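See structure below.
The values are calculated or read from the model by the stated rules, or taken from the named source; none is laboratory data. For clarity, every value in this text was computed on a predicted model and none was experimentally measured. Neighbour counts run over all protein chains shown; Cβ positions are idealised from the backbone, glycine included.
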Amino acid sequence: MSEHLPRPASVFAKVFGEPATTRASAPGRVNLIGEHTDYNDGLVLPTAIPQRTSVELCLAQDGLVSAYSDELCRDDQVQSYRLGEEVRQGDWLDYVRGVTWVLRQEGLGERLRGFKLRVSSQVPVGSGLSSSAALLVSLLRGLRIALALPLSEVELARLARRAEVELVGAPVGIMDQLACALCGPGAALLLDTRSLAMQTVPLPPSLELVVIHSGVVHSHAAGDYRTRRRECEQAAVQLAVKSLRDLGPADLSQIMSLPEPLGRRVRHVVMENARVQAAVAALQAADGELLGSLFRASHASMRDDYEVSVPAVDLLVRIGEQDPAILGARLTGGGFGGSVVMLARSGQARAAALRIAGQYQAQSGHQPTILVPG
């Protein structure tokens, strides 16, 4: 979603002393099921959330990139770097550096210009809802229109992933970027991350989603996420397959002969791919009971086999599953904190979310945030 601004944005003009000329945005995403499968060439089933990350920008002629974030900068503090000098610094500006770096790497450097940038996001950082991918995609969309870059949405997603992996240093798969670029309201996106084949799966009106941020933040650049990816790579070598996507439930006896914890890691990935396929069938049949059971099985697998949940998230899932309106609940995103997605009966999601968030806060001491219903 991109458009030219008809008049100055007041915050942008206050920070930079001139109007923005281009605006773009991208939504966060919640992954309904299919966790830690994307970097194993597997299947995922994300959908967009109402919260978005927005950028406003205007081009500059001095080769300087100046950036301001409503959420992360104070007192109109602007951070800057020069094009061609993109080096990882370990701060939020690495995502902006990553975008200009990857455009130069992809042969689009001659089109690049310096620019002034304002970022504003409704997607909580560390929530497991792709705040980083939403920023990368929205900035690439803004630069695409400002610089007339010949990039499709899929190409934008590929560049966004490369920026996050190679400059930011987060070893993520392709799901987050494609979901932020392609997902729309009212439907999930079945994505084969090996072939990039996609299918839109409508969400039935008899079911509603609840998404609650646990208040425990995570980071894809942190060590535990890297460890899980490395374990999958080690297991693929020992099983003599190109990736874990080449394995299925029939291979479980061989899989569980791997040394600890590799067998459990692979079992999660293999069974999670199967759960994605079953979830698509459940959505198409509007079978909430089946889908809820798949949510529960997925969370148990992430907790026990993949070991990416934390006690606060497990508590939030348990409280959700005890609510009469909820059919199933699971951790969504990379884990080690973040958010929980729940499946509710139609018309009951908002009341259930309020009940669950209140009980969770009282029992955990963490401050939850209800994101869906918006």
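Please verify whether ALA48 is closer than 22 Å to VAL11 by Cα and within 26 Å of the chain's Cα centre (by Cα), treating the condition exactly as stated. Write out each step before concluding.
Working: closer than 22 Å to VAL11 by Cα: no; within 26 Å of the chain's Cα centre (by Cα): yes.
Taking the combined requirement at face value, the residue does not satisfy it.
Quick check on this structure: which one of VAL15, VAL87, VAL11, VAL96 is on the phi < 0 side of the Ramachandran plot, part of a helix (DSSP H, G or I) and surrounded by fewer than 18 Cβ atoms within 10 Å (Cβ to Cβ)?
The unique qualifying residue is VAL11.
Among the residues of region 227-245 satisfying the criterion of being out of contact with any Pro (no Cβ under 9 Å at 6 or more places or on another chain) and within 30 Å of LEU371 (Cα to Cα), which is surrounded by the fewest Cβ atoms within 10 Å (Cβ to Cβ)?
Taking the candidates together, the pick is THR227.
So the check is Cβ under 7 Å with 6+ separation or different chains; which pairs have a first residue in region 112-129 that's closer than 16 Å to SER214 by Cα and a second one that's surrounded by fewer than 19 Cβ atoms within 10 Å (Cβ to Cβ) and among the polar types (S, T, N, Q)?
Here the result reads PRO124/THR369; GLY126/SER219, each pair linking region 112-129 to a residue that is surrounded by fewer than 19 Cβ atoms within 10 Å (Cβ to Cβ) and among the polar types (S, T, N, Q).
Out of the residues in region 296-310 that are of a type outside the set (Ser, Thr, Tyr) and free of Cβ contacts under 8 Å to residues at least 40 places away in the same chain, state the one that is farthest from ARG265 (Cα to Cα).
Per the stated criteria, the residue is ARG296.
Yes or no, residue by residue, for (1) surrounded by fewer than 18 Cβ atoms within 10 Å (Cβ to Cβ); (2) at pLDDT 95 or above; (3) in contact with a His (Cβ under 9 Å, 6 or more places away or on another chain); (4) not aromatic (Phe, Trp, Tyr):
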| site | (1), (2), (3), (4) |
| --- | --- |
| HIS220 | no, no, no, yes |
| TYR225 | no, no, yes, no |
| LEU247 | no, yes, no, yes |
| ALA250 | yes, yes, no, yes |
| SER253 | yes, yes, no, yes |
| PRO261 | yes, yes, no, yes |
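Per-residue answers, yes or no, for (1) over 21 Å from ALA134 (Cβ atoms); (2) aromatic (Phe, Trp, Tyr); (3) modelled with pLDDT of 95 or more:
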| position | (1), (2), (3) |
| --- | --- |
| LEU5 | no, no, no |
| LYS14 | yes, no, no |
| THR21 | yes, no, yes |
| ARG29 | no, no, yes |
| HIS36 | no, no, yes |
| VAL44 | no, no, yes |
| LEU59 | yes, no, yes |
| TYR68 | no, yes, yes |
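Pairs only if they're at least six apart or on different chains, beta carbon under 7 angstrom, first in region 349-365 and surrounded by fewer than 18 Cβ atoms within 10 Å (Cβ to Cβ) and at pLDDT below 95, second part of a helix (DSSP H, G or I) and of a type in the set (D, E, K, R); list them, first residue then second.
none
If PRO124 passes every condition in (1) closer than 16 Å to VAL55 by Cα; (2) out of contact with any His (no Cβ under 7 Å at 6 or more places or on another chain) but one, which one does it miss?
The failed condition is (2).
Which condition number in (1) within 19 Å of GLY34 (Cβ to Cβ); (2) free of Cβ contacts under 8 Å to residues at least 60 places away in the same chain is the one that LEU156 fails?
Condition (1) is where LEU156 drops out.
Can you pull out every residue in region 51-71 that is more than 19 Å from the chain's Cα centre (by Cα) and part of a loop (DSSP other than H, G, I, E, B)? Give the derivation first.
The initial filter retains those residues of region 51-71 that are more than 19 Å from the chain's Cα centre (by Cα), namely 56-70.
GLN61, ASP62, GLY63, ASP70, listed by residue number.
For the subset of region 180-200 comprising residues that are crowded, with 21+ Cβ neighbours inside 10 Å and touching an Asp or Glu at 6+ places or on another chain (Cβ under 9 Å), which member is nearest to GLN277 (Cα to Cα)?
Residue satisfying both the conditions and the ranking: LEU191.
State which residue pairs qualify: first residue at positive phi and inside region 195-214, second residue part of a strand (DSSP E or B) and aromatic (Phe, Trp, Tyr) in any location, beta carbons under 6 Å apart, and separation of 6 or more residues or different chains.
Listed by first residue and then by second, the contacts come to nothing, as the list is empty.
Looking only at region 201-216, how many residues end up being crowded, with 22+ Cβ neighbours inside 10 Å, in a strand (DSSP E or B) and either polar (S, T, N, Q) or in contact with a helix residue (DSSP H, G or I) (Cβ under 9 Å, 6 or more places away or on another chain) (or both)?
The number of residues fulfilling the criteria is 4.
Kindly indicate whether VAL308 is buried (at least 21 other Cβ atoms within 10 Å of the Cβ), closer than 19 Å to GLY128 by Cα and touching a strand residue (DSSP E or B) at 6+ places or on another chain (Cβ under 6 Å).
no
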